[in-house]
Amino acid sequence: MKFDINETLFQMLGAIKQTVGENWPEVKSAMNDFFQGRRTRLELLADFRIKNQITEVEFQSRLVDEKLLLNSELHVIAIISKAVAQKAANAAIDILNKAVKALIPF
Amino acid sequence: MKKRIIILSMFLAVIANSCKVTLVPNYDGAIATQIDNTLKIVDSFYLTMLETTKNKNNDRAYFHFINSYINIEIELQSLLDKNRVRPLNKNSIAICENTLKQFQKYKSQHKTDNQISDANIILNRMYMHDELVRMQMGEAFKPTN
């Protein structure tokens with residue numbers, strides 16, 4: 001039996017594509033959640049400022065909070081990306097493992 | 001030649017078998033539960049403050065809330081410490097640091113002003129809630145095996 005490197009690489013690439021594709025709805029859902037949350041917070045913040053329920057200093061301080069929260073959201077996206085990349089890489093390695101194992105005569 | 005192919009195949013098999021890519025730590029159910037509990041404590045703290053107190057008569061003076069502030073800060077610090085000892089976990093550590101920093105800022109502001117408006121309670125609760133939900137999401141997306 002011959003080890004077909006092109007076929008194995010093709011299958012590995014397929015596994016990576018499939019894994020990333022399967023996880024896109026999770027990434028999209030998180031991004032939508034962040035977007036909706038930001039909209040709700042900024043609307044409320046603007047409303048409180050317009051009605052003078054918070055001062056200008058407090059308003060500016062909230063914008064700093066918003067920046068900190070955005071930073072946390074970028075870290076969540078990084079975790080999702082790493083988890084997807086890890087799953088994809090391991091799926092590809094499994095394919096290589098199976099292809100090599102099939103060639104071992106014992 | 002055949003012997004060489006067999007040795008190479010065995011070598012590749014061993015490499016492929018032992019090779020597992022790890023970029024993030026595995027999901028930790030105990031930490032996820034602690035985040036969930038902290039989220040409830042924070043929500044309860046701000047909602048109780050909003051619904052049961054007013055600034056008049058010094059009802060919202062800082063000293064009335066010291067114990068709750070301490071308990072929440074202990075929980076947030078504990079979450080940060082638990083995440084710090086997990087390898088490959090810099091993103092969750094950053095989220096925990098942001099959350100703790102935000103809470104300490106709100107606590108310090110309340111302590112300085114010795115009062116707090118309804119609007120600021122609502123906003124504090126909303127930002128703390130959203131930070132903790134981000135922390136929860138960060139844990140939930142980690143692999144389970």
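Read-outs throughout are calculated quantities, based only on the coordinates presented, and are distinct from any laboratory measurement. Note that the coordinates shown come from a computational prediction; the quantities given were computed from them, not determined experimentally. Cβ sites come from the backbone with ideal geometry, for glycine too, and all protein chains shown count toward neighbours.
Give the lysines whose C-alpha is closer than 21 Å to that of A:LYS82, dropping any in the same chain fewer than 8 places away, or say none.
Qualifying lysines at Cα under 21 Å: A:LYS17, A:LYS28, B:LYS20, B:LYS82, B:LYS90, B:LYS142.
What whole-number value in cubic angstrom gives the convex hull volume per residue for the C-alpha atoms of chain A?
Values: hull volume 9.5 nm³, N = 106.
Per-residue hull volume (Cα only) is 90 Å³.
Rg to Rh for chain B: what is it, with Cα atoms only and Rh by Kirkwood?
My calculation puts Rg/Rh at 1.30.
Highest mean first, how do A:46-57, B:82-93 rank when packing is the count of other Cβ atoms within 10 Å averaged over residues?
Details: A:46-57: 12.9, B:82-93: 16.7.
Listed from highest to lowest mean packing, they are B:82-93, A:46-57.
If the reach is capped at under 22 angstrom between alpha carbons, list the lysines near B:LYS111, excluding any in the same chain fewer than eight residues apart.
Qualifying lysines at Cα under 22 Å: B:LYS54, B:LYS56, B:LYS101.
If R₀ is 41 angstrom, what is the calculated FRET efficiency for the pair B:ASN145 and B:ASN67, using the beta carbon separation as r and rounding to 0.05?
Given R0 = 41 Å and the Cβ-Cβ separation, E is 0.50.
Rg to Rh for region A:9-66: what is it, with Cα atoms only and Rh by Kirkwood?
Value, to two decimals: 1.40.
For every other residue with a beta carbon closer than 14 angstrom to the beta carbon of A:THR19, add +1 if it is Lys or Arg and -1 if Asp or Glu, then tell me the sum. All intermediate terms of the calculation are to be shown ahead of the outcome.
Details: positive: A:LYS17, A:LYS82, A:LYS87; negative: A:GLU22, A:GLU26, A:ASP94.
Result for the local shell: 0.
At a Cα cut-off below 18 Å, give the lysines reachable from A:LYS2, other chains included and same-chain residues fewer than 8 away excluded.
A:LYS98, A:LYS101, B:LYS2, B:LYS3
For a quick size check, give me the Cα extents of the protein assembly as shown along its three principal axes, largest first, whole Å.
92, 33, 23
Inside 10 Å of the C-beta atoms of A:9-18, what's the mean count of C-beta atoms belonging to other chains?
0
Please compute, for the alpha-carbon atoms of region B:69-145, the extent along each of the three principal axes and give them in descending order in Å.
Principal extents (largest minus smallest coordinate, Cα): 47, 19, 17 Å.
As I understand it, the dipole of region B:78-145 uses +1 on the Cβ of Lys and Arg and -1 on the Cβ of Asp and Glu, about the Cα centre. Which of B:TYR106, B:ILE93, B:VAL133 lies farthest toward its positive end?
So the residue furthest toward the plus end is B:ILE93.
Where does each of A:10-17, A:23-30 land if you order them by average Cβ count within 10 Å, highest first?
Values: A:10-17: 15.5, A:23-30: 13.6.
Listed from highest to lowest mean packing, they are A:10-17, A:23-30.
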